[in-house]
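As structure tokens, the structure follows; a few thoughts come after it.
The values are calculated or read from the model by the stated rules, or taken from the named source; none is laboratory data. Since the model is a prediction, treat every value here as computed from it, not as a measurement. Every residue, glycine as well, gets a Cβ built from its backbone with ideal geometry; the counts of neighbours run over all protein chains shown. Just so you know, the surface numbers come from the protein's heavy atoms only, side chains and all, with ligands and any DNA or RNA stripped out. Shrake-Rupley method; radii C 1.70, N 1.55, O 1.52, S 1.80 Å.
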Amino acid sequence: MKISYKIDSKIPVGSLNEKWHNYKSTLEVISPQNRKHLDIIIVGSGLAGASASSSLAELGYRVKVFCYQDSPRRAHSVAAQGGINAAKNYKGDNDSIDRLFYDTIKGGDYRSREANVYRLAEISSSIIDQCVAQGVPFARDYAGYLENRSFGGTKVSRTFYAKGQTGQQLLLASYSAMVRQIGKGRIIMYNRHEMMDLVVIDGVARGIITRNLVSGKLERHAAHTVIIASGGYSNVFFLSTNAMGSNASAIWRVHKKGAGFANPCYTQIHPTCIPIHGNFQSKLTLMSESLRNDGRIWVPKNIEDAINIRNGKQYTQNIPEKNRDYFLERKYPSFGNLVPRDIASRSAKERCDAGFGIENNDTMEGVFLDFYHSINFYGLEKSKELGITNPSEKQIKYYGKKILESKYGNLFHMYERITGDNPYDIPMKIYPAAHYTMGGLWVDYNLMSTIPGCYVIGEANFSDHGANRLGASALMQGLADGYFIIPYTISDYLSQFLNKNNTISTDHEEFKKSEKQVYNNILKILSKKGNISVDYIHKNLGHIMWKYVGMSRNKKGLYKAITKIKELKNIFWNNIFVPGNIQDGMNYELEKAIRIADFLELSELMAMDAVNRNESCGSHFREEYQTKDGESMRNDENYKYVSIWEYQQNKSIKEEIMHKENLIFNFVKLKTRSYV
Amino acid sequence: MKAKKSLNFTLKVWRQKNNKSNGYFKTYKIYDISPDSSFLEMLDILNNNILLEKKEFPIAFDHDCREGICGMCSLYINGRAHGPENLATTCQLHMRNFCNDEIIYVEPWRAKSFPIIQDLIVDRSSLDRIMMSGGFISVGTFGHTIDGNLIPIAKSDADKAFDSASCIGCGACIATCKNKSAMLFVAAKISHLALLPQGKIERKKRVLDMVQKMDEEGFGSCTNTMACEIDCPKGISTENISFLNKEYITSFIR
Ligand SMILES: Cc1cc2nc3c(=O)[nH]c(=O)nc-3n(C[C@H](O)[C@H](O)[C@H](O)COP(=O)(O)OP(=O)(O)OC[C@H]3O[C@@H](n4cnc5c(N)ncnc54)[C@H](O)[C@@H]3O)c2cc1C
Ligand code: SF4
Ligand code: FES
């Protein structure tokens, strides 16, 4: 078997703080009058896609953007709640680029690339300035300066936020930059279009096939380069914090066309989601991690109390302080409730597995997130500020609640909408859920995949976060990629097309071939007319993934998952029912079916990758590799690499070949990750 | 603890194949729904029945985040945009808000500027076009901006701007308005940007352009019936509209 690519991460030489700076001066630039002859396709209009498209259009390139929603403003970045990091040291707590760099490398359990992470930390503060200039109403203090809060895995306050709607505000800003360019005609926006395939001509990405979701028609689009910004794939777990339409199709098709898929097994499980309530639930809702700044996580110390709470025989409020187990504060005194997500999630699972879960659902899983203490604390502080010497309990509560409301009002509101409980008065119930995928298409320092001319940005790529992502870093990465990195690196690549007859017709054989393949695939799905619904397959896949490839894994379970996924794949391809014909217009069932077909393949690769990695690191917890205290045991000697999977044309997933990018740490010392 | 009993409903759902064909209400019965289910989860269950038992096209409706923030869901339920609950989108509406055996009417947004695509799905791209006409600050995106703290912004202004900026662009305000006016949506954007120092420079041009575009797109005019405020899931206040009017008038004064 011919190995088709060699992994070259193209990390520039020099010391960390000079790399990006010096490297930029070596990149080719294209003069303004030439840019309008170059076409760029961008798949996705989230933070990554929107920021890239507005910047590139502004530079003068001709840009086409695609998203499956009815408006670019609805990309799932809009749902991010907590905030965005930047090393600005506005709070004087000794934050710096180096510290953000170090926290991110450590948080990712030393499974990310030094050079990339450093660049991210360097760029971080310009992102905030940029967003302020675009009108993002970040939280401010009374003197008019920007406010901060802190997130898991750090000891400084570096997270900028706009209440619990940071993602929405950032996305609206990049969307507004985008609509400005759409208005000028420099961006052509294709709403309700789904990318179906990447077209590769002479080994280089030159276009895509899309399905117009309204008319159902397949369309061809050619360009000089293609940027994929299609977000994450944790919807493979069915119940996740992702939007219902979030999918892996775009990156999966690119993978099948030759792009390496990196670290597929790293899925972040977010510790603070609303627990599952029933069998028909369609998705899980996140409660921002920022709540851990003010909320304390606990379960009862005595198992009888837990049982009584679950059965509704005991009120939470009646459990005295001494009978509560604030397990994170107990186990990790120096970070407490602000330990990183993987650690918080596993600790909650451990308590629930031991029978202390407090939620009355099928799995009896849930822990409390309690705001009682901070309401008291803030209430007292405020009363003092107002000169009330002997505040009544009512006054304390009143002022305390007001302060919490100003910080997290919309999150509390969202919680109450869903559960019917008022979290100001009774503790929230939370439990971990599948959230963010650190894995994705492999990219080099230029953010280019192993297919020349195909770039991948935002959550869709694998870069920067390692085996675990610290909170408030994804928004930062998406915007860094889009606003400040891709405009430079892409011009270097595009410069080769100048002075050449460089356009490609969509009548090219490869376009026809690609389209035919997509067409046949759709036809095959529609022709089954069996008696199983797409949702049934998706839910079952989700169960398998959560059980065996979720928060903790073991070898036996992973092999079991692979077998079960194959069975499910069989059911899908023999027994699926999707109504309608190929010439019908809008068809939601078909959209879902196409996405599930891809999830069924990706999920197998996720399990394979997890089997391969005989260690525990970050979100990847292999039960066989743990210390006697149940902490993860990393194996740097053998696994300090990025796993990169290469698809073998027309062969099954199990025949994919793994390549390695060895991670070299010149600037940080690898230590056991401890948050005690 | 809440008692969990299951509920039954009769649904009258608007079905329409596409923009060319005529629509009609179709009746469906559904049983055993948990009060904790969201409205959309209830429709999922109904759709599964339609799909597997009747082998028909399920009811098409728009949705994505299912947590009240993307603005994609859009149902007109029992005569109200996003249903009977205040300050909630359809995906945040739960069946505990309905009575057992209730008859529930489900319709798409209805407005000339929102043509129907299929069943309960409408085309809201007119809102994007209004945004294109001026819903932005014309700053480059290359990071050569000044430090974010160099222009302090009064907390009250930042908070007010935030409140206006929290519009999710769902279009409920328009669907519920008897004139089909887009005033609340546009006003929210105008206030958000005009309240911030960065947005003040272009404020006159912005308000003129956006109002003109809104008219061109065929939205009606505002006659202060305030229905928009009642059905807005994000509590965008009609004070924004007064603000817009002021901005509009002063934009003529040099
Ligand atoms: C509930 C929630 C809360 C979060 N909170 C935070 C937070 O507080 N801080 C933080 O830093 N991060 C947070 N994150 C993570 C962060 O929001 C995401 O990682 C990030 O926004 C992803 O941005 P993106 O641009 O890569 O993708 P997305 O915003 O997901 O955009 C994907 C785009 O691709 C399009 N698309 C997808 N597939 C296709 C296809 N096949 N064809 C055409 N178009 C396609 C979609 O239409 C969409 O426009 C949160 C995530 C979630 C889910
Ligand atoms: S103003 Fe309210 S109702 Fe109107 S689009 Fe915005 S969020 Fe929706
Ligand atoms: S589905 Fe996103 S707001 Fe309802």
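At 1.4 Å probe size, with the rest of the protein present, what percent of the exposed accessible area of the range A:274-434 is carbon and sulfur atoms?
That fraction is 51 percent.
Checking the a/c ratio against 1.5 first, then a/b against b/c, what shape does the Cα gyration tensor give for the range A:1-152?
Oblate, since a/c reaches 1.5 and b/c is not below a/b.
State which entries of B:29/B:55; A:6/A:500; A:349/A:429 exceed 23 angstrom in Cα-Cα distance in the structure shown.
Violating the 23 Å limit, Cα to Cα: A:6/A:500.
At what distance in nm do the modelled label points of residue A:91 and residue A:584 sit from each other, each positioned 7 Å from its Cα along Cα→Cβ?
Spacing of the two 7 Å Cα→Cβ label points: 5.3 nm.
Once you have a ≥ b ≥ c as the square roots of the Cα gyration tensor eigenvalues for the range A:509-635, tell me rounded if a/c is under 1.5, and otherwise prolate or oblate according to whether a/b is larger than b/c.
Because a/c hits 1.5 or more and a/b exceeds b/c, the range A:509-635 counts as prolate.
Please list, by residue number, everything in the range A:488-514 whose backbone N is under 17 Å from a paramagnetic label point 7 Å out along Cα→Cβ of residue A:37.
Only A:491-505 pass the distance filter.
Determine, from the Cβ-Cβ distance of residue A:556 and residue A:668 and an R0 of 35 Å, the FRET efficiency 1/(1 + (r/R0)^6), rounded to the nearest 0.05.
Given R0 = 35 Å and the Cβ-Cβ separation, E is 0.50.
Which peptide among B:197-203, A:129-135, B:91-97 comes first, and what is the full order, when sorted by highest mean count of other Cβ atoms within 10 Å?
The peptides rank, most packed first, as A:129-135, B:91-97, B:197-203.
With a 1.4 Å probe on protein heavy atoms only, tell me which residues of the range B:132-147 lose at least 30 Å² of accessible surface in the complex relative to the chain by itself.
B:132, B:136, B:137, B:139, B:141, B:142, B:143, B:145, B:147
In nm, to one decimal, how far is the residue A:575 label point from the residue A:503 one, both placed 7 Å along Cα→Cβ?
Result: 5.2 nm between the two label points.
Could you tell me what percent of the accessible area of the range A:509-635 is made up of carbon and sulfur, with a 1.4 Å probe and every protein chain present?
49 percent
So what is the calculated 222 nm ellipticity per residue for the protein assembly as shown, using -39500 (n - 2.57) for each DSSP H run with n of 4 or more, over all residues, to the nearest 500 deg cm²/dmol?
-11500 deg cm²/dmol
For the pair residue B:78 and residue A:614, how long in nm is the line joining their label points, each one 7 Å along Cα→Cβ?
Once both label points are built, they end up 6.2 nm from each other.
Tell me, in nm to one decimal, what length is gained between residue A:633 and residue A:217 on full extension, where the rule is 0.36 nm per residue of separation less the Cα-Cα distance?
144.7 nm
Could you calculate the FRET efficiency of residue A:496 with residue A:652 from 1/(1 + (r/R0)^6), where r is the beta carbon distance between them and R0 is 41 Å, rounded to 0.05?
0.65
How big a patch of accessible area, both sides summed and in Å² to the nearest 100, lies buried between A and B at a 1.4 Å probe?
Heavy-atom accessible area buried at this interface is about 6700 Å².
With the Cα gyration tensor of chain A giving a ≥ b ≥ c as the square roots of its eigenvalues, does the rule (a/c under 1.5 for rounded; else a/b larger than b/c for prolate; else oblate) give rounded, prolate or oblate?
It comes out prolate by the Cα gyration axes.
Taking every residue in A:168-181, how many Cβ atoms of other protein chains lie within 10 Å of its Cβ, on average?
Counting other chains' Cβ atoms within 10 Å and averaging over A:168-181 gives 6.
Calculate how large, on average over all directions, the projected area of the Cα convex hull of the range A:274-434 is; give the answer in nm² to one decimal.
For the Cα atoms of the range A:274-434, the hull's average projected area reads 10.0 nm².
Please give the contour-minus-distance gain from residue A:15 to residue A:512: 0.36 nm per residue of separation, less the Cα-Cα distance, rounded to one decimal in nm.
Length difference between fully extended and current span is 174.2 nm.
Toward the positive end of the charge dipole of chain B, about the Cα centre and with charges on Cβ (Lys, Arg +1; Asp, Glu -1), which of B:73, B:252, B:199 goes farthest?
It is B:252, whose Cα lies furthest towards the positive end.
For a label point 7 Å from the Cα of residue B:230 along Cα→C-beta, name the residues of the range B:161-191 whose backbone N is under 13 Å from it.
So the set is B:176-178.
Return the subset of A:556/A:660; B:54/B:178; A:256/B:20 for which the Cα-Cα distance in this structure is over 29 Å, preserving the input order.
From the list (A:556/A:660; B:54/B:178; A:256/B:20), the Cα-Cα distance tops 29 Å for B:54/B:178; A:256/B:20.
Hey, any idea what % of chain B's accessible area is carbon plus sulfur with a 1.4 Å probe?
About 54 percent, which is the carbon plus sulfur part of the accessible surface.
Rounded to the nearest whole Å², what accessible area per residue is found for the range A:1-118 with the 1.4 Å probe?
For the range A:1-118, the solvent-accessible area averages 36 Å² per residue.
Can you order the peptides A:29-36, A:236-243, A:223-230, A:544-551 by their average number of other Cβ atoms within 10 Å per residue, highest first?
Packing order, densest peptide first, comes out as A:223-230, A:236-243, A:544-551, A:29-36.
Excluding ligands, DNA and RNA, what is the solvent-accessible area per residue of the range A:278-362 at a probe of 1.4 Å, expressed in Å²?
Per-residue accessible area for the range A:278-362 comes out at 39 Å².
Of A:91/B:155; A:91/A:397; A:91/A:401; A:539/A:592; A:547/A:671; A:513/A:592, which ones are farther than 19 Å apart at the Cα?
As for pairs spanning more than 19 Å Cα to Cα, those are A:91/A:397; A:91/A:401; A:547/A:671; A:513/A:592.
Averaged over its residues, how many other protein chain Cβ atoms are within 10 Å of peptide A:584-595's Cβ atoms?
Going residue by residue through A:584-595 and averaging, the value is 3.
Between residue A:422 and residue B:87, what FRET efficiency follows from the Cβ-Cβ distance if R0 is 22 Å, with the result rounded to 0.05?
0.95
Can you give the mean number of other chain Cβ atoms that lie within 10 Å of the Cβ atoms in peptide A:124-133?
6
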